[in-house]
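*Asks:* Attaching a single structure in structure tokens format; questions to follow.
The values are calculated or read from the model by the stated rules, or taken from the named source; none is laboratory data. Since this is a predicted model, take the numbers as computed values, not measurements. In this analysis, Cβ positions are derived from the backbone assuming ideal geometry, glycine residues included, and neighbour counts consider all displayed protein chains. For the accessible areas, the whole protein counts, side chains as well, though only heavy atoms, and no ligand, DNA or RNA atoms are used. Shrake-Rupley method; radii C 1.70, N 1.55, O 1.52, S 1.80 Å.
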Amino acid sequence: MSTVGRENLVGIDLGTTFSVIAHLNAQGTATVIPNSDAEPLTPSAIYLEGNTAIVGQAAREAAASGSGDVAMFVKRELGRPVFSRALGGRQYRPETLSAIVLRKLKQDAERHIGPIHKAVITVPAFFDDTRRKATQDAGRIAGLEVLDIINEPTAAALSYAAEGAGATGKLIDIPGGQMTVLVYDLGGGTFDVTVVKLADKHFETIATDGAVKLGGKDWDDKVVEYVAQEFRQQFNANPLDDEQRRDVLAAQAEKAKRVLSRGLPSATIECFHEGHNLKVKLTREKFEKLTEGLLSHTHIVTDLVLQQAKLTWNQVDRILLVGGSTKMQMVPAMLQNISGKKPDNSLDPDQVVARGAAIHAGILAARGNAGELVLDDGALEELGKIVVGNVNAYSLGVAALKEDKVAKKRWRVNDILIPKNTRLPASFSRIYPLDRAGVSSVKVPILEGEAPNAEDNITIGECVISDLPPNLPARSPIQVRLHYDGSGRISVMALDMTGGRLAQVEIKREYGLTEADIERERAFVDSLTIQ
Ligand code: ADP
Ligand code: MG
């Protein structure tokens with residue numbers, strides 16, 4: 001459908017393994033836009049050579065055939081200062097590599113729907129502030145205005161409710177008006193479980209948890225290790241000593257996994273190294289045995305989230321499968337076993353998130369938060385009624401000094417201001433006395449995490465309050481207010497209570513990008529030919 005003259009609304013699932021872009025038409029229907037290979041899923045793999053970046057399946061194949069200059073699983077490293085593998089002898093930031101993937105998606109989609117300027121991008125629910133900021137920055141480096149960052153399980157639930165409404169003619173309809181959904185999302189590199197309550201047009205996240213490094217890749221790695229071990233036993237040589245050999249083996253393990261998912265009893269993996277050749281037969285039993293620990297990790301997290309939501313399986317109406325790895329038969333089998341319910345995979349598990357993100361773009365547009373009006377009246381009215389509620393995945397606190405006068409000990413504790421699973425947006429303030437007279441600035445370390453000792457948590461940055469009025473006496477009260485917005489980004493405000501003046505505050509993140517960095521990286525990405 002042509003939308004010439006109208007601003008395009010898109011949602012992007014920037015995945016660890018695959019990325020997907022979906023478009024919302026004027027009637028409020030979300031559709032995935034195929035890439036230049038006519039595929040809905042674009043592998044998040046980047047091959048960089050000179051001024052050319054090859055993104056997607058071709059890059060993935062380059063890695064599978066042993067080229068070392070391919071970046072994959074970049075999402076696992078978002079928030080770090082540089083990506084772990086140098087490409088063509090150069091190091092890149094994870095944000096820049098992610099931006100190249102976004103540019104590819106944008107470029108391919110524009111061939112179908114015309115110019116794209118704005119997008120909603122999804123993140124795992126447990127992404128912390130640093131990773132959310134990195135995702136937003138990646139969008140900006142790609143030249144996109146990031147309308148919002150939305151949690152993947154929420155997007156999946158939105159998409160699910162919209163799809164289920166098909167017959168009623170309404171955009172979003174919940175059968176019976178109310179429903180509790182458990183979203184189990186096992187992708188390529190990350191895992192999360194979220195309980196979402198749907199009531200009328202309200203989507204309320206109740207609890208969420210996950211693991212940053214648990215996904216299909218770990219299933220592949222178990223197979224890789226197994227094959228390497230067999231190889232070592234036979235030939236006394238280790239194929240994993242060679243990074244490129246490892247990539248080749250990983251690609252084969254991934255293929256074998258898909259063969260087993262199709263219901264075949266075994267798959268064969270071939271390994272060549274130092275003139276030797278070994279064929280290993282991987283049976284389903286062996287595969288399930290090797291990866292049993294990973295599956296039970298997801299089981300433990302699922303139980304934990306139910307507990308945090310204060311629910312029993314009886315109170316869960318639907319289990320929604322999201323992520324390509326839920327296609328492994330062991331996943332629905334385990335869930336059915338522990339819940340007594342059949343999980344729902346009626347929607348394409350690897351496309352629901354992008355479609356939900358596009359619907360979210362529509363919700364923002366209906367509220368007038370996406371610029372120019374782009375929806376028909378009916379869609380506008382329906383989408384305008386939807387409310388999405390979120391919770392924070394980590395407790396937010398500050399490092400406060402604690403003193404034990406008897407034991408003569410001083411240490412820093414995690415003074416939690418906004419506990420985990422609080423409904424967002426949320427704010428909390430606390431008053432801190434200045435420790436010295438006449439200072440012009442103070443620093444308050446901000447922590448994310450649950451551990452009682454400050455040092456066992458992640459310091460997301462320092463809240464720096466500067467430009468305080470001159471000559472403030474010691475112990476002058478400064479009120480610090482931490483705020484989580486609806487999409488999980490953190491901001492701070494500080495008030496000098498003596499003068500009643502708002503102080504200049506910023507969060508200094510150790511590895512965060514500055515505006516100048518973003519400009520520079522954008523110029524670099526602009527200079528690339530992306531294929
Ligand atoms: P992400 O959100 O991490 O980008 P996806 O949700 O697309 O990724 O899931 C990708 C993962 O799903 C990969 O590890 C891939 O190997 C796995 N996967 C995809 N299809 C299948 C299948 N048919 N059987 C088993 N695993 C699959
Ligand atoms: Mg995903």
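*Asks:* In deg cm²/dmol, rounded to 500, what helix-only [θ] at 222 nm does the chain give when every DSSP H run of at least 4 residues adds -39500 (n - 2.57) and the total is split over its residues?
*Replies:* Working: 12 runs with 162 residues, N = 531.
Taken over the chain, the calculation gives -10000 deg cm²/dmol.
*Asks:* Given H placed on each backbone N at 1.01 Å, which residues far from N453 in sequence or on other chains put an amide H within less than 5 Å of it?
*Replies:* N414
*Asks:* Filter the GluC sites (Glu not before Pro) in region 252-290 down to the DSSP loop ones having no more than 14 other Cβ atoms within 10 Å, then list what survives.
*Replies:* Details: sites: E254, E270, E274, E285, E288; in loops: E274.
Here the GluC sites (Glu not before Pro) that fit, given the DSSP loop and packing criteria, are E274.
*Asks:* Can you give me the long-range amide H partners of L472? Hydrogens built in the peptide plane at 1.01 Å from N, cutoff under 5 Å, separation of 5 or more residues or another chain.
*Replies:* Result for L472 returns G438, V439.
*Asks:* Still on this structure, please answer the following. Where the centroid of each part is defined by its Cα atoms, how far is region 1-63 from region 280-305 in Å?
*Replies:* 31 Å
*Asks:* Show me, for region 10-24, the HN-Hα J-couplings you get by feeding each phi into the Karplus relation (A = 6.51, B = -1.76, C = 1.60, θ = phi - 60°), rounded to Hz, glycine and proline as x.
*Replies:* 10, x, 10, 9, 8, x, 5, 10, 10, 10, 9, 10, 10, 10, 9
*Asks:* Continuing with this model, one more query. Just want to confirm a number: the relative contact order over the chain, from Cα pairs under 8 angstrom separated by 6+ residues, in percent.
*Replies:* Details: 1189 pairs, mean separation 88.6, N = 531.
17 percent.
*Asks:* Cα centroids of region 438-470 and region 102-161: how far apart, whole angstrom?
*Replies:* Using only Cα atoms to place each centre, the spacing works out to 30 Å.
*Asks:* In addition: What are the aspartates and glutamates whose alpha-carbon lies under 13 Å from the alpha-carbon of K508, with same-chain residues fewer than 8 places away excluded?
*Replies:* Straight-line reach from K508, under 13 Å: D129, E462.
*Asks:* Arranged from highest to lowest average of other beta-carbon atoms within 10 Å per residue, in what order do the peptides 474-480, 96-102 appear? It would help to have the intermediate numbers written out before the result.
*Replies:* Details: 474-480: 15.7, 96-102: 26.7.
Top to bottom by mean Cβ count within 10 Å: 96-102, 474-480.
*Asks:* Using unit Cβ charges (K, R positive; D, E negative) and no other charged atoms, how large, in debye to the nearest 20, is the dipole of region 59-105 about its Cα centre? It would help to have the intermediate numbers written out before the result.
*Replies:* Details: 9 positive and 4 negative charges, 28 e Å.
Around 140 debye, computed over region 59-105.
*Asks:* Any idea what the dipole of the chain comes to, in debye rounded to 20, about its Cα centre with Lys/Arg Cβ at +1 and Asp/Glu Cβ at -1? Don't skip to the end; give the middle numbers.
*Replies:* Details: 62 positive and 68 negative charges, 207 e Å.
Roughly 1000 debye, rounded to the nearest 20.
*Asks:* Could you order peptides 53-63, 233-243 by the average number of other Cβ atoms within 10 Å of their residues, highest first? Don't skip to the end; give the middle numbers.
*Replies:* Working: 53-63: 21.5, 233-243: 13.3.
Descending mean neighbour count gives 53-63, 233-243.
*Asks:* Still on this model: If you roll a 1.4 Å probe over the heavy atoms of the protein chains, what accessible area per residue do you get for region 397-475, in Å²? Display every interim value, and only then the final one.
*Replies:* Values: 4750 Å² over 79 residues.
Roughly 60 Å² per residue, with all protein chains present.
*Asks:* Assuming R0 = 35 Å, can you tell me the calculated FRET efficiency for the pair L240 and L401, based on Cβ-Cβ distance, to the nearest 0.05? Mind dumping the intermediate values first?
*Replies:* Values: r = 47 Å, r/R0 = 1.34.
The value I calculate is 0.15.
*Asks:* Taking amide hydrogens as modeled 1.01 Å from N in the peptide plane, which residues meet the under 5 Å criterion relative to T190, leaving out close sequence neighbours?
*Replies:* Under 5 Å from the amide H of T190: L214, G216.
*Asks:* Going toward the positive end of the dipole of the chain, with +1 on Lys and Arg Cβ and -1 on Asp and Glu Cβ, which of V227, A53, L147 do you reach last?
*Replies:* Sorting the options by dipole projection puts first V227.
*Asks:* Can you give the charge dipole size of region 325-378 about its Cα centre, rounded to the nearest 20 debye, using +1 on the beta carbon of Lys and Arg and -1 on the beta carbon of Asp and Glu?
*Replies:* Roughly 380 debye, rounded to the nearest 20.
*Asks:* Sorted by packing (mean other beta-carbon atoms within 10 Å per residue), highest first, where do 296-309, 484-497 land? Spell out each step's value before the answer.
*Replies:* Details: 296-309: 17.1, 484-497: 18.8.
Those peptides, ordered most packed to least, come out 484-497, 296-309.
*Asks:* Let me ask something additional. How high is the relative contact order of region 302-423, in percent, with contacts defined as C-alpha pairs under 8 Å that are six or more residues apart? All intermediate terms of the calculation are to be shown ahead of the outcome.
*Replies:* On the way: 113 pairs, mean separation 18.6, N = 122.
Reported relative contact order: 15 percent.
*Asks:* Beyond a 26 Å Cα-Cα separation, which of these cross-linked pairs lie in this structure: K75/K257; K222/K342; K342/K420; K310/K385; K118/K443?
*Replies:* Beyond 26 Å between Cα atoms: K222/K342; K342/K420; K310/K385; K118/K443.
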